[in-house]
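Below is one structure, written out as structure tokens, with a few remarks after it.
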Amino acid sequence: MLNNMAKSLIIFDVEATCDINIPKQKRELIEIGAVKIENGNIVDHFQKLIKPKKNSILSNYCKELTHISQEEINFADTPLTVLQSFLEWSRNSVLGSWGDFDPDIIKRELHKNKIILPSDIAFINIKKVYLSIKHFPSTYSLQDSLKKEKIVFNGTQHRAYDDAYNTYLIYQKNKQQMDEMIKRIYSNSHSFA
């Protein structure tokens with residue numbers, strides 16, 4: 001898609017442990033969802049729940065926000081298993097997310113689990129690309145951007161796969177401009193956050 005090194009664009013999203021009193025840097029992954037895009041079309045998807053190591057009991061706030069139940073988390077795979085699976089699935093790709101939180105927590109969890117990020121995977125902030133093309137304020141959320149594009153949200157907000165899919169809908173509607181900017185960014189660097 002982007003050049004010989006990157007075969008695919010993957011738009012991904014994560015959900016993490018959350019409570020009003022938990023700072024972002026202390027949150028742990030509870031879900032990764034993603035769509036793999038080649039030639040503008042979704043060719044595969046990834047969706048896995050993760051049982052956090054330290055805070056394995058979800059707060060009521062988190063369960064209400066994400067619609068992920070405690071039972072689902074109790075039977076989820078470990079961070080190590082899911083991260084390894086996600087990285088293998090993501091080889092030779094640029095990983096795009098709606099903001100910096102998603103790659104930041106992935107990198108933090110990789111470090112905690114002593115996993116090295118493969119050199120053929122790079123991150124890019126899809127939100128920054130989109131907002132710079134549209135000249136929208138940096139405060140625009142995914143929902144604000146969908147409304148501007150006249151796209152109805154598909155699925156459940158704050159579920160990783162659904163958020164990734166809806167980000168893809170924005171990408172798909174603006175594919176030519178976004179691809180041009182992503183190619184420019186990617187040709188200048190192989191590490192985006």
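The values are calculated or read from the model by the stated rules, or taken from the named source; none is laboratory data. Here the structure is a predicted model, which is why all the values come from computation and not from measurement. Note that we place each Cβ from the backbone using ideal geometry, even for glycine, and neighbour counts take in every protein chain shown. Heavy atoms of the whole protein, side chains included, go into the accessibility calculation; ligands, DNA and RNA do not. Shrake-Rupley method; radii C 1.70, N 1.55, O 1.52, S 1.80 Å.
One line per residue, one yes/no per condition, for (1) within 14 Å of I10 (Cβ to Cβ); (2) touching a Gly at 6+ places or on another chain (Cβ under 7 Å); (3) not acidic (D, E):
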| site | (1), (2), (3) |
| --- | --- |
| S119 | no, no, yes |
| F136 | no, no, yes |
| Q157 | no, no, yes |
| D162 | no, yes, no |
| Y165 | yes, yes, yes |
| K173 | no, no, yes |
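Filtered by the rule that a residue be modelled with pLDDT under 95 and part of a loop (DSSP other than H, G, I, E, B), the range 165-193 gives S189, H190, S191, F192, A193. Among the residues of the range 17-30, the ones that are touching a Lys or Arg at 6+ places or on another chain (Cβ under 7 Å) and of a type outside the set (S, T, N, Q) come to 2 in all. Taken together, the criteria place K51 among residues that are open to solvent by 10 Å² or more (accessible area, probe 1.4 Å) and in contact with a Pro (Cβ under 9 Å, 6 or more places away or on another chain).
Within the range 177-193, does at least one residue satisfy the condition of being closer than 12 Å to I11 by Cβ, open to solvent by 10 Å² or more (accessible area, probe 1.4 Å), in contact with a Leu (Cβ under 9 Å, 6 or more places away or on another chain) and of a type in the set (F, W, Y)? Within the range 177-193 (the criterion being closer than 12 Å to I11 by Cβ, open to solvent by 10 Å² or more (accessible area, probe 1.4 Å), in contact with a Leu (Cβ under 9 Å, 6 or more places away or on another chain) and of a type in the set (F, W, Y)), the answer is no, since none of the residues qualifies.
Condition check for S59 on (1) open to solvent by less than 50 Å² (accessible area, probe 1.4 Å); (2) touching a helix residue (DSSP H, G or I) at 6+ places or on another chain (Cβ under 8 Å); (3) farther than 17 Å from A160 by Cβ: one failure, at (2). Tell me, which residue of the range 28-43 that is open to solvent by 10 Å² or more (accessible area, probe 1.4 Å) and part of a strand (DSSP E or B) is farthest from R108 (Cα to Cα)? Checking each candidate, the answer is N41. Among the residues of the range 119-136, just one is free of Cβ contacts under 8 Å to residues at least 40 places away in the same chain and open to solvent by less than 10 Å² (accessible area, probe 1.4 Å), namely I121.
For the range 137-148, the set of residues classified as surrounded by 14 or more Cβ atoms within 10 Å (Cβ to Cβ) and either more than 17 Å from D102 (Cα to Cα) or among the small types (G, A, S) (or both) consists of S145, L146, listed by residue number.
The set of residues in the range 71-98 being farther than 19 Å from A164 by Cβ and either among the aliphatic types (A, V, I, L, M) or surrounded by 14 or more Cβ atoms within 10 Å (Cβ to Cβ) (or both) consists of I73, L80, T81, Q84. Among the residues of the range 44-63, the ones that are closer than 20 Å to A76 by Cα and assigned to a strand (DSSP E or B) come to 6 in all. Of the numbered criteria (1) farther than 16 Å from C18 by Cα; (2) of a type outside the set (G, A, S); (3) more than 17 Å from the chain's Cα centre (by Cα), the one Y61 fails is (1).
Put simply, of N60, N55, N74, N92 the only residue that is closer than 28 Å to L131 by Cα and out of contact with any Gly (no Cβ under 8 Å at 6 or more places or on another chain) is N92.
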